[in-house]
Amino acid sequence: MPLAEYTPKKEDVTIPGNSGFQVRGISLPDVSLLIDLHEYLISGIAEKVRNRKDLIAGEDDALANEAMTDLMSELIRESPLLVGHIISICSDEPDTYNQAMSLPITVQIDALTKIAGLTFTDMASVKKLAADVMNMVRGIIPIASPRRLTKKKG
């Protein structure tokens, strides 16, 4: 398949009493934008992910899944604006973060779980991304901001 034909896989998120919306996985431009918007929060989250031994799937996938759910609940509790941005960006409606923040917590967890499932193949890749994000925040890896990827007109 040529790259030009690629479309990201999406999953449906149901909002009780409404039709719902679709989300896709997080891409590098998304991560860069989220770092631009929430550098301090993201560096703290990335550090937590890197230090959690129970996020490693393999011997006990149920424990790893429970740890991921706990981490998502903590993220929602401590960083509702970041959660709103993640959900709105991955639904390809980046300006709807206020609406995403007002979703019921069960819908937010479902959306984040689906975004994570579409982004990561296993928990080891979650830890790898956390390490890469920490390096981006520290300036070791250059951030490929969407603003820097577009050509200047003129």
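Values quoted throughout were computed directly from the atomic coordinates according to the rules given, and no laboratory measurement underlies them. Here the structure is a predicted model, which is why all the values come from computation and not from measurement. Positions of Cβ are backbone-derived with ideal geometry, glycine not excepted, and every protein chain shown enters the neighbour counts.
Available extension along the chain between residue 12 and residue 37 is 6.4 nm, counting 0.36 nm per residue and deducting the alpha carbon span. The fewest-to-most ranking of 32, 73 by surrounding Cβ atoms within 10 Å reads 73, 32.
Arranged by the count of other C-beta atoms within 10 angstrom, fewest first, what order do 10, 114 take?
Result, fewest neighbours first: 10, 114.
Between residue 4 and residue 77, what FRET efficiency follows from the Cβ-Cβ distance if R0 is 35 Å, with the result rounded to 0.05? FRET efficiency, residue 4 to residue 77: 0.25.
Taking other Cβ atoms within 10 Å as a rough exposure proxy, 105, 35, 89 sort from fewest to most as 105, 35, 89.
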